[in-house]
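First comes the structure, then the notes that go with it.
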Amino acid sequence: MLIGFGTDRGTVAAADDWNGPMKVKAVTPARPDSWEFAFRKSGIMRSLTDWRRPGNSIGRRELVETLREPRQERAIGVVYRPQTEFLSHYFEAVLAEQFDAYVWFEETRAVTPLPVGRPKGAPETYPFGL
């Protein structure tokens with residue numbers, strides 16, 4: 001199963017360039033022509049939308065047809081460049097063809113990195129040789 005993730009705004013832990021240092025960055029609110037903006041307009045702050053479940057309800061068919069429309073989708077990964085966001089992070093996408101489901105968070109917070117190194121007294125193979 002392929003699951004996509006989207007957000008409108010918040011913070012993200014990412015670098016300016018590949019192999020660059022991680023920074024906590026503010027996420028620019030989504031463009032009006034994007035899937036993220038469409039999900040924000042729904043008024044639902046968090047959701048899991050699964051359109052591949054069995055059933056032929058009218059609502060599901062309408063949802064799938066809506067998700068077949070091409071819109072801009074934002075991809076934020078280990079690199080995030082808000083200054084060139086449209087060129088660096090947006091691409092045209094058809095969600096119904098790209099994913100089986102979509103997890104939506106209207107606002108996100110950057111992850112907190114795990115500490116680097118091993119605790120004092122831990123074996124050399126920590127954390128794998130416990």
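The values are calculated or read from the model by the stated rules, or taken from the named source; none is laboratory data. Keep in mind that what you see is a predicted model, and the values were worked out from it rather than measured. No Cβ is skipped: glycine too gets one built from the backbone with ideal geometry, and neighbour counts run over all protein chains shown. Side chains are part of the model used for accessible areas, which takes the heavy atoms of the whole protein and leaves out ligands, DNA and RNA. Shrake-Rupley method; radii C 1.70, N 1.55, O 1.52, S 1.80 Å.
Select from region 58-73 the residues that are out of contact with any Ser or Thr (no Cβ under 8 Å at 6 or more places or on another chain) and open to solvent by less than 30 Å² (accessible area, probe 1.4 Å) and write down the one among them that is modelled with the highest pLDDT.
Across region 58-73, the extreme among qualifying residues is LEU67.
Taking the criterion of being within 18 Å of PHE105 (Cα to Cα), of a type in the set (A, V, I, L, M, F, W, C), outside any loop (DSSP other than H, G, I, E, B) and open to solvent by less than 30 Å² (accessible area, probe 1.4 Å), would at least one residue in region 47-57 satisfy it?
Taking every residue of region 47-57 in turn, none turns out to be within 18 Å of PHE105 (Cα to Cα), of a type in the set (A, V, I, L, M, F, W, C), outside any loop (DSSP other than H, G, I, E, B) and open to solvent by less than 30 Å² (accessible area, probe 1.4 Å).
Kindly indicate the residue of region 87-119 that is without any contact (Cβ under 8 Å) to a residue 40 or more places away in the chain and outside any loop (DSSP other than H, G, I, E, B) and also farthest from ALA30 (Cα to Cα) among those meeting that condition.
Result: GLU97.
Hey, could you check region 16-28 for residues that are touching a residue at least 40 places away in the same chain (Cβ under 8 Å) and surrounded by fewer than 17 Cβ atoms within 10 Å (Cβ to Cβ) and say which is farthest from PRO113 (Cα to Cα)?
THR28
Residues checked against (1) modelled with pLDDT under 95; (2) touching a helix residue (DSSP H, G or I) at 6+ places or on another chain (Cβ under 8 Å); (3) farther than 28 Å from GLU65 by Cβ; (4) of a type in the set (Asp, Glu):
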{"residue": "GLY77", "(1), (2), (3), (4)": "yes, no, yes, no"}
{"residue": "TYR80", "(1), (2), (3), (4)": "no, yes, yes, no"}
{"residue": "PHE91", "(1), (2), (3), (4)": "no, no, no, no"}
{"residue": "GLN98", "(1), (2), (3), (4)": "yes, no, no, no"}
{"residue": "TRP104", "(1), (2), (3), (4)": "no, yes, no, no"}
{"residue": "ARG109", "(1), (2), (3), (4)": "no, no, yes, no"}
{"residue": "GLY117", "(1), (2), (3), (4)": "yes, no, yes, no"}
{"residue": "LYS120", "(1), (2), (3), (4)": "yes, no, yes, no"}
{"residue": "TYR126", "(1), (2), (3), (4)": "yes, no, yes, no"}
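Among the residues of region 29-46, which ones are at pLDDT 95 or above, open to solvent by 50 Å² or more (accessible area, probe 1.4 Å) and in a loop (DSSP other than H, G, I, E, B)?
Those that are at pLDDT 95 or above, open to solvent by 50 Å² or more (accessible area, probe 1.4 Å) and in a loop (DSSP other than H, G, I, E, B): PRO29, ARG31, PRO32, ASP33, MET45.
Would you check which residues across region 79-98 are surrounded by 13 or more Cβ atoms within 10 Å (Cβ to Cβ) and under 21 Å from ILE3 (Cβ atoms) and list them?
Correct list: TYR80, HIS89, TYR90, ALA93, VAL94, LEU95, ALA96, GLN98.
Exactly one of these conditions fails for THR84: (1) in contact (Cβ under 8 Å) with a residue 40 or more places away in the chain; (2) in a helix (DSSP H, G or I). Give me its number.
Unmet condition: (1).
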